[in-house]
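First comes the structure, then the notes that go with it.
No value in this document is a laboratory result; all are computed from the given coordinates. Please read these numbers as outputs of a predicted model, since none were measured by experiment. Using ideal geometry, Cβ is built from the backbone for each residue, glycine included, and neighbour counts are taken over all protein chains shown.
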Amino acid sequence: MPAHAATVPARKFAPDARLVLTRPRGRPRKTLLERDDGNRRADLLRAAAALFRNQGFAATTTRDIAAAVGMQSGSPFYHFKSKDALLFAVMQEGMHAALERQRETVQSRIGQSPSEQLRGLVQTHFQVLLGPDSDFIPVMLYESRSLQSAQRAELAALQSEYEALWTPVLSDLHASGALRAPVALSRLLILGALNWSVQWFDPSRSAGVAELVEAALALFIDTRAADGFAGA
């Protein structure tokens with residue numbers, strides 16, 4: 001074989017070698033599933049919240065959750081390490097969403113009478129509990145025993161932030177005489193009563209949210225005293 005013939009294979013393979021050297025570095029290109037990660041995570045949270053609320057956390061399997069969003073049984077673990085982690089994420093999502101909505105309510109009603117401010121807080125709270133995508137907070141109310149202590153502590157901090165939004169309004173109502181019970185106890189009793197509505201509310205049989213709001217205000221405060229104090 002001529003000497004120059006030995007160099008031909010090297011020339012043939014050289015372009016492939018260059019391709020290997022110039023391959024993009026770093027993380028591989030994302031799959032379609034990975035690119036849709038945010039949406040799929042949100043879908044899993046909504047499905048899990050509905051199943052945990054309707055079936056209970058213990059009776060719900062990851063297979064149930066995956067089937068509800070059209071995924072394979074092991075796919076939820078791409079987004080969440082375990083069913084326990086998914087439960088905690090559901091509760092976190094619920095509390096953060098509730099806080100954001102209630103803060104917006106407080107800001108939108110600055111300058112209104114104390115009774116109108118309370119009306120806004122109560123209305124938003126009912127919407128969080130009973131409106132669209134309302135499975136998150138009920139799951140937190142009745143499944144928190146399944147969490148670890150550190151997770152419960154984190155949620156308790158979020159709850160404290162949420163409850164603190166009610167204190168200034170209730171303090172004004174107490175000062176006006178419209179709210180006669182102590183503020184701290186009133187806050188606990190009011191929220192406890194509102195939260196219990198998730199057990200009995202049926203839109204096909206019960207009054208609507210607007211009627212519930214007015215009934216709650218009539219039960220908790222004397223609106224005439226509150227509005228009279230605001231206008232004084």
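Placing +1 on each Lys and Arg Cβ and -1 on each Asp and Glu Cβ, with no other charges, gives the stretch 82-232 a dipole about its Cα centre of roughly 280 debye. The stretch 42-141 gives an Rg/Rh value of 1.11, both radii derived from C-alpha positions and Rh following Kirkwood.
Taking a ≥ b ≥ c as the square roots of the eigenvalues of the Cα gyration tensor of the stretch 82-232, is the shape rounded (a/c under 1.5), prolate (a/b larger than b/c) or oblate?
Verdict is prolate for the stretch 82-232.
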